[in-house]
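Here is the structure we will look at, set down as structure tokens.
The values are calculated or read from the model by the stated rules, or taken from the named source; none is laboratory data. None of these values were measured; they are calculated from a predicted model. As a convention, Cβ positions derive from the backbone with ideal geometry for all residues, glycine included, and neighbour counts pool all protein chains shown. To get the accessible areas, we keep the full protein, side chains included, count just its heavy atoms, and leave off ligands, DNA and RNA. Shrake-Rupley method; radii C 1.70, N 1.55, O 1.52, S 1.80 Å.
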Amino acid sequence: MDPQNQDVTHRRSDTPHDAKDAQLEQYRVHPAAKHLTTNQGVRVDDDDNSLRAGVRGPTLLEDFHFREKITHFDHERIPERVVHARGAGAYGFFEAYESMADVTCAAFLAEPGLRTPVFARFSTVAGSRGSADTVRDVRGFAVKFYTGEGNFDLVGNNMPVFFIQDGVKFPDFVHAVKPEPHNEIPQAQSAHDTLWDFVRNQPETTHMMMWLMSDRAIPRSYRMMQGFGVHTFRFVDAAGRGTFVKFHWKPRLGVHSLVWDETQKIGGLDPDFNRRDLWEAIDNGDVPEWELGVQLVAQDDEHAFDFDLLDATKLIPEELVPVRPVGRLVLNRNPDNFFAETEQVAFHTAHVVPGIDFTNDPLLQARLFSYLDTQLIRLGGPNFAQIPINRPVADVHNNQRDGHHQMRLDRGRSSYSKNTLGRGCPIVAGPDHGGYEHHQERVDGAKIKQRSPSFDDHFGQAALFWHSMADWERDHIVAAFRFELGKCDTHDIREDVVALLANVDTDLARRVGAGLGITPPTRTPAPVGEPSPALSIANNPGEGGIHTRRIAILAADGVGGDHVRAVAARLTEHGATCEVVGPRQGPLRASDDEEIEAPRSLLTMGSPLYDAVYVPGGAESVQALRGDADAREFLVQAYRHGKAIGATGEAGALLEHCAVPTDAPGVVVDADASAAFVDTFTTAIAAHRHYDRT
Ligand code: HDD
């Protein structure tokens, strides 16, 4: 066969979007009524008793089933990720809106409507694999596109900037934020001395610390957070022309967060809160969706900004360079096996396809080394790309051979290039045949260990962030700084960080200091420029309404069945999920003697696990709830966490009994479960939180 006649010329953009699923099917093992066997396929006669010498005698080494089973078990764990160890993933597709050929030759962005299979993994950064989901942390937002031209990994976060400018500081930062080395305390927390000691010594962290102290660090759901590629990458068109690009994911449901006190409680009530939320939404068919957008900057404008595009502690305000929507990401399928897929997925910033290239951002450059290196230790060798989740749908042909867990049966004699014995195969592809061509950029300069002076401003964008926040967001930021620093044992760390904040804004430093008994020094804060409204959560409400919101219906025996049914039906119509929470699980007797099922009880659930609470009327039910401390706490917490609370009939008096002001924003009380009540309650839930409560 002449390799020149092989099908190597087409752009390979035509991979069906379910190609990955089809590929995975060959690996799926379906549970079936089959005989138990060893890994050698030998049927096992007894799986409850090891082979022993006499019924009370020692176990015999020749019990190969016992030894194989225990040995395999002993080796079940692989090293967890050094960062981002805890995560949750899902499959779906990316669909391009239009051809982006004006800026990139990437085939998956070449045609409107073209769908590419993807796997996305969301994660926390600092905690270990078993840590709680709702800790204050950055969230990873990594997407693997299985394009026809090979895999493209967009390995981003839910914040658009990063802690450090140069990857050589990454181990230092991670050591500082992780549990302290002498006692491995605290788990998954940034509120401890070493992190803040690092911060005070590394002022470039200031901007990112503002994000970390904001509500962005405690998302309500993975489905309700933005994602960012962070670095400036480069698009390259068919003619080899480059354009700088920043990637943005915008959630259809808008950006929404938990409140701090709530995260603490969820950590105990349901440590899997975010992971469960993603799983259940997909399971219920409420597929999460994001829009991919790009900020494009012509290469000639590289120096047009008062910050450096190569500095990952800076963002480009959307008001300066608008985000152009380019497609949508839909996650519609849960994995079959957490370990095989979500744990073994291997992302790498260097997994790029023709049309996408790097810049000289020193943080990105470090990542280009680190991710491949980490997969080698984590997944045990160089063949991790053959693990089903990592396998491209594009064909793979090369002369790489052998290594641990080699799955391929490469045939033929020649595993080198150039060869004649193998008729020259596999042949390299020029750009006309879809070969990846690195963007040509002229580089000159002395070899030097020094930051560019254009990276020097550490406070300007921290101030931009602060001045772009709504009042309630600022309150939360101040409270977060107070909490985190309040947990530091070393007094001068607290003082130094407050002093650092005085470079950002005098009022910020004063307010944080006031909670810690520290008077900030006088500094000249960064100049106040135009705010960037796009940075505020308040300006990213999304299109979701109350879609997928979880509403607790607090009820006991004697509850007004007509109220429950009417309100639940209307809220469900709007896409919410209603769950009756009773003093006990199981059927409740309604006032009309019908049965109302309570799938949850006050023992296992708390208001932090819901977005809103509805208390239906029914004198007997309300009386029972009034006497139940858990029910009262449920309402008090819901109020404190700014959630919508609805009450009908006799339940209005219960709110008053719990000192929940019935005229407060987001509290909706009515004599009847009327359509008007449900409409007002729905609007209150859609607002997500009522931070304007005193
Ligand atoms: Fe990283 C994992 C995101 C800087 C080294 N990183 C990892 C993951 C995400 C990010 C989302 C988890 C991927 C998954 O779900 O498996 N990392 C970022 C972002 C950064 C960043 C947005 C800055 C803009 N990372 C960064 C630097 C280095 C690393 C500077 C090293 C020099 N990151 C790693 C790693 C990890 C990783 C050690 C751990 C596990 C893995 O790669 O697969 O290589």
**Message:** Going by what's in this entry, would ILE185 be described as of a type in the set (A, V, I, L, M, F, W, C) and surrounded by fewer than 17 Cβ atoms within 10 Å (Cβ to Cβ)?
**Reply:** yes
**Request:** Kindly list, by first and then second residue, each pair from a residue in the range 359-383 that is at negative phi to a residue that is within 10 Å of the ligand (Cβ to nearest atom) and open to solvent by 70 Å² or more (accessible area, probe 1.4 Å), limited to pairs with Cβ atoms under 7 Å and residues at least 6 apart or on different chains.
**Result:** ALA366/VAL168; THR374/VAL82
**Prompt:** Of all the residues that make up the range 107-126, how many are among the small types (Gly, Ala, Ser) and within 16 Å of the ligand (Cβ to nearest atom)?
**Reply:** 3
**Subset of the range 152-175 (residues that are more than 9 Å from the ligand (Cβ to nearest atom), outside any loop (DSSP other than H, G, I, E, B) and over 20 Å from the mean Cα position of the chain (by Cα))** = ASP172, HIS175
**Asked** With respect to the numbered conditions (1) over 24 Å from ASP357 (Cα atoms); (2) outside any loop (DSSP other than H, G, I, E, B); (3) over 26 Å from the mean Cα position of the chain (by Cα), which one is the sole condition not fulfilled by ALA463?
**Response** (3)
**Message:** Quick check on LEU571: is it out of contact with any Asp or Glu (no Cβ under 9 Å at 6 or more places or on another chain), open to solvent by less than 10 Å² (accessible area, probe 1.4 Å) and more than 30 Å from VAL504 (Cα to Cα)?
**Reply:** yes
**Request:** Please enumerate the residues belonging to the range 11-47 that are surrounded by 10 or more Cβ atoms within 10 Å (Cβ to Cβ) and small (Gly, Ala, Ser).
**Result:** SER13, ALA19, ALA22
**Asked** Applying the selection to the range 48-94, what residues are open to solvent by less than 90 Å² (accessible area, probe 1.4 Å) and in a helix (DSSP H, G or I)?
**Response** HIS65, PHE66, GLU68, ILE70, THR71
**Request:** Identify all residues within the range 75-106 that are within 16 Å of the ligand (Cβ to nearest atom) and among the hydroxyl-bearing types (Ser, Thr, Tyr); write none if there are none.
**Result:** TYR91
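Among the residues in the range 331-339, are any within 15 Å of the ligand (Cβ to nearest atom), open to solvent by less than 30 Å² (accessible area, probe 1.4 Å) and either outside the structural domain of VAL161 (by TED's automatic domain parsing) or out of contact with any helix residue (DSSP H, G or I) (no Cβ under 9 Å at 6 or more places or on another chain) (or both)?
No; the residues of the range 331-339 include none that is within 15 Å of the ligand (Cβ to nearest atom), open to solvent by less than 30 Å² (accessible area, probe 1.4 Å) and either outside the structural domain of VAL161 (by TED's automatic domain parsing) or out of contact with any helix residue (DSSP H, G or I) (no Cβ under 9 Å at 6 or more places or on another chain) (or both).
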**Complete:** Going through (1) open to solvent by less than 60 Å² (accessible area, probe 1.4 Å); (2) more than 16 Å from ASP611 (Cβ to Cβ) one by one, ASP300 fails only at (1)
**Request:** Exactly one condition in (1) over 25 Å from LEU269 (Cα atoms); (2) part of a helix (DSSP H, G or I) is not met by THR572; state its number.
**Result:** (1)
**Asked** Do we have any residue at all in the range 224-242 that's in the same structural domain as VAL326 (by TED's automatic domain parsing), surrounded by 22 or more Cβ atoms within 10 Å (Cβ to Cβ), away from the ligand (no atom under 16 Å from the Cβ) and closer than 19 Å to ASN540 by Cα?
**Response** yes
**In the range 529-547, the residues that are aliphatic (A, V, I, L, M) and touching a Ser or Thr at 6+ places or on another chain (Cβ under 9 Å)** = ALA534, LEU535, ILE537, ILE546
**Asked** Has the range 435-452 got any residue that is part of a loop (DSSP other than H, G, I, E, B) and closer than 29 Å to GLN26 by Cβ?
**Response** yes
**Request:** Kindly indicate the residue of the range 651-667 that is touching a Gly at 6+ places or on another chain (Cβ under 9 Å) and surrounded by fewer than 22 Cβ atoms within 10 Å (Cβ to Cβ) and also nearest to GLY575 (Cα to Cα) among those meeting that condition.
**Result:** PRO665
**Request:** Would you check which residues across the range 361-395 are within 14 Å of the ligand (Cβ to nearest atom) and in a loop (DSSP other than H, G, I, E, B) and list them?
**Result:** ASP361, LEU379, GLY380, ILE387
**Hits in the range 597-617 (condition: open to solvent by 10 Å² or more (accessible area, probe 1.4 Å) and farther than 27 Å from HIS690 by Cα)** = GLU597, PRO599
**Prompt:** With (1) under 18 Å from GLU291 (Cα atoms); (2) without any contact (Cβ under 8 Å) to a residue 40 or more places away in the chain as the list, and PHE173 as the residue in question, which single condition is left unmet?
**Reply:** (1)
